[in-house]
């Protein structure tokens, strides 16, 4: 499941160059193609889809984009935005670091790629 377009709007309001796959009519891309697109455009991928962690781990590559996986009990846009606000001060250092960032209700975990 993807992050709400409202979260993308919120990111833009806070000065970030964010796009949603729906805006580009690319919502049907495979997970692998979404990762490639994020890497090629030097973007951080925000998702609630746990499959990305497994896909990234399986590749063993450090040439993948940073992926933020939200593992929240409440997935409403307002809750995601609250967690993003906590994450934002440190996110810039991770944009080119190639990492998986897991955002839970109580904690945020960073794992540098590749995962071995």
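Mind listing the Cα extents of the stretch 5-112 along all three principal axes, in Å, largest one first?
32, 31, 25
Determine the calculated [θ] at 222 nm for the chain from helices alone, applying -39500 (n - 2.57) to every DSSP H run no shorter than 4 residues and normalising by the residue count; nearest 500 deg cm²/dmol.
Helices in the chain give a 222 nm mean residue ellipticity of -12000 deg cm²/dmol.
Figure the gain on full extension for residue 42 and residue 72 (residue separation times 0.36 nm, minus the Cα-Cα span) and round it to one decimal in nm.
8.3 nm
Read the figures in this text as sums done on the coordinates, not as results from a lab. In this text, all values refer to a predicted model and were calculated from it rather than measured experimentally.
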